[in-house]
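Novice: For reference, the structure I am asking about is given below.
The values are calculated or read from the model by the stated rules, or taken from the named source; none is laboratory data. On a predicted model such as this, the values are computed, not experimentally measured, just so you know. For neighbour counting, all protein chains shown are included, and Cβ atoms are generated from backbone atoms with ideal geometry for every residue, glycine included. Just so you know, the surface numbers come from the protein's heavy atoms only, side chains and all, with ligands and any DNA or RNA stripped out. Shrake-Rupley method; radii C 1.70, N 1.55, O 1.52, S 1.80 Å.
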Amino acid sequence: MTKPFIIQDQYFEKAKKMGYRARSAFKLLEIQEKFSVIKPNMNVLDVAAAPGSFLQVIAKIIWQKGKAVGIDIQKIDPNFWFPNIFLLQESVFEFEKIRTYLDSLHIGQFDLITSDIAPATTGMTWVDQYRSVELNLAILDVAKVFLKKWGNLVLKVFVGEDVNDLMFPLKEQFQKVNRFKPRACRDRSFEEYFIAQGKR
């Protein structure tokens, strides 16, 4: 089995020094600085949460009265320092299993859903972009069920020709949608974050 390719740049080194599990923590921190999507006492769902760096950022902000739930089909190392992080190893398509787990935590719906999801890349840009849009449309389906009215959604998208297939339903379902590329993204990367605010 080949090891995943890791970009060892300033953010990679900074993440190691600060105890974050991945450089993506700084992307969420930049989003938070600009859009203030995470607030104390919120309940937040992080979809495709492995390895857990978004959860680390979220848990620091919501404090102990809020809950952060990470869902991923891969196992996430449960050794967090935060007592308000909860993990479920499950597919995002298993709505009833997710609902049962959330009921056990006394969470019906969330104030915020985040995702740093990415497809297994093929090296063919148009294929990767199409798959990224497909995955995010699936997360939008999750948001229809598990995100509160007026709640917010943060998605990572590989932007290409198919991006309007995602943008149109986002604009239909949310009051405002912004596109943002954090400094922590590599310059040559075609990833952006879509910040959808105010679920209708």
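Novice: Go through the residues of segment 118-139 one by one and say whether even a single one is among the acidic types (D, E), at pLDDT below 95, open to solvent by 30 Å² or more (accessible area, probe 1.4 Å) and over 29 Å from K65 (Cβ atoms).
Specialist: No, the conditions are met nowhere in segment 118-139.
Novice: Looking at F86, is it within 21 Å of V142 (Cβ to Cβ), at pLDDT below 95 and either in a helix (DSSP H, G or I) or open to solvent by 10 Å² or more (accessible area, probe 1.4 Å) (or both)?
Specialist: Taking the combined requirement at face value, the residue does not satisfy it.
Novice: Checking the structure you have, find out if any residue of segment 89-97 is in contact with a Phe, Trp or Tyr (Cβ under 7 Å, 6 or more places away or on another chain) and in contact (Cβ under 8 Å) with a residue 12 or more places away in the chain.
Specialist: Checked against the condition, which is being in contact with a Phe, Trp or Tyr (Cβ under 7 Å, 6 or more places away or on another chain) and in contact (Cβ under 8 Å) with a residue 12 or more places away in the chain, segment 89-97 yields no hits at all.
Novice: Under the condition of being open to solvent by less than 40 Å² (accessible area, probe 1.4 Å) and assigned to a loop (DSSP other than H, G, I, E, B), which residue from segment 41-83 is nearest to A25 (Cα to Cα)?
Specialist: G52
Novice: Please pick out the residue among V92, V163 that is out of contact with any Cys (no Cβ under 6 Å at 6 or more places or on another chain), hydrophobic (A, V, I, L, M, F, W, C) and at pLDDT 95 or above.
Specialist: That would be V163, the only listed residue that is out of contact with any Cys (no Cβ under 6 Å at 6 or more places or on another chain), hydrophobic (A, V, I, L, M, F, W, C) and at pLDDT 95 or above.
Novice: To continue, here is another question. Only one of (1) modelled with pLDDT of 95 or more; (2) buried (at least 20 other Cβ atoms within 10 Å of the Cβ) fails for I98. Which number is that?
Specialist: Looking at each condition in turn, I98 falls short on (1).
Novice: May I pose another question? Among L155, L170, L147, L166, which is open to solvent by less than 20 Å² (accessible area, probe 1.4 Å) and in contact with a Ser or Thr (Cβ under 6 Å, 6 or more places away or on another chain)?
Specialist: None of the other options fit; the residue is L155.
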